[in-house]
Amino acid sequence: MNEMTCTECTGWLHAYLDNELDTTVSAGVRAHLDRCADCKASYVEMATLRQGLRTALPYYEAPEGLQQIILSRLPKQSPAAFTPRISRAWRRWRIPAFSTAALAAAVLIYIFAPTQEDRVDDEVVSSHVRSLMAEHLMDVVSSDQHTVKPWFAGKLDFSPPVYDFTPQGYPLLGGRLDYVGHQTVAALSYRRAKHIINVFVMPTPKSDSGPKRLSIRGYNLIVWRQNHLAFEAVSDLNAEELQVLAVLIINQPH
């Protein structure tokens, strides 16, 4: 086999990474990488990206019996019918193209797939909206923090901090249990003028972080972490006034 050019080697790199080449072509790529620093750098970059995607992307186990279901739905043909009839030219150009497309798709999934925190933020907004529509804003109705806080005892495996800020213009209305991020959480309800604010409280293993503003589907959120608890305040109230409530909670002794 003649020595491979850089153009030829580049066209084969993805297939080489996926071990899709026959012995002769694979040996040619390997020999070219040994003597060409530029192509070797491209190969290392691809290999690093591939390993990073494998490490960062979530993997899900296929249900038992999926293989049998797929095979049962395939046309009943003889094994010969599945024998690849691919020309060397098709293999040369299509396999690398397929590998490139698959890698590009994986990159897009990695970049644009929502994170766990994004999903929780979205669930918080949905829970806030449901609480208003279903008129299930509170399980315990009281502006007395000494009534609301004990109500959660025995219903959660953590103790949410509860405060009334009526003098500051954020009266406590009550609290309820909600379900966010695959766990039962505390939801505290406050009022600011005609706006309802839900403050969701849930345990987190992550370290403390200061308040951060978000906006999802027209609702404002202030999210922060403190003392192994994650807080998410959500409302149609403007972000500045919503953050005032967050700061009030943060500055209380926990």
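Going by the structure shown, is residue 241 open to solvent by 50 Å² or more (accessible area, probe 1.4 Å) and modelled with pLDDT of 95 or more?
So residue 241 passes the test.
When you go through (1) exposed (fewer than 13 other Cβ atoms within 10 Å of the Cβ); (2) modelled with pLDDT of 80 or more; (3) not in a loop (DSSP other than H, G, I, E, B) one by one for residue 55, which number turns out not to apply?
The one condition residue 55 does not meet is (2).
For residue 165, indicate whether it is surrounded by 21 or more Cβ atoms within 10 Å (Cβ to Cβ) and under 22 Å from residue 131 (Cα atoms).
Judged against the criteria, residue 165 is not a match.
Would you be able to tell me the number of residues in the stretch 170-191 that are in contact with a helix residue (DSSP H, G or I) (Cβ under 6 Å, 6 or more places away or on another chain) and of a type in the set (D, E, K, R)?
Count: 1.
Can you tell me which of 215, 189 is in contact (Cβ under 8 Å) with a residue 40 or more places away in the chain, under 18 Å from residue 129 (Cβ atoms), of a type in the set (S, T, N, Q) and in the same structural domain as residue 139 (by TED's automatic domain parsing)?
189
For the stretch 35-51, which residues satisfy the criterion of being in contact with a helix residue (DSSP H, G or I) (Cβ under 8 Å, 6 or more places away or on another chain) and without any contact (Cβ under 8 Å) to a residue 12 or more places away in the chain?
Result: 40, single match.
Could you please find all residues in the stretch 209-224 being open to solvent by less than 30 Å² (accessible area, probe 1.4 Å) and at pLDDT below 95?
none
List pairs: first in the stretch 124-143 and more than 22 Å from residue 230 (Cβ to Cβ), second part of a helix (DSSP H, G or I), Cβ under 6 Å, 6+ apart or cross-chain?
142/148
The values are calculated or read from the model by the stated rules, or taken from the named source; none is laboratory data. These numbers were taken from a predicted model, which means no experiment stands behind them. Here Cβ is always computed from backbone atoms with ideal geometry, including for glycine, and neighbour counts include all displayed protein chains. Ligands, DNA and RNA are stripped out before the accessible areas are found, and what is left, the full protein with its side chains, is counted by its heavy atoms. Shrake-Rupley method; radii C 1.70, N 1.55, O 1.52, S 1.80 Å.
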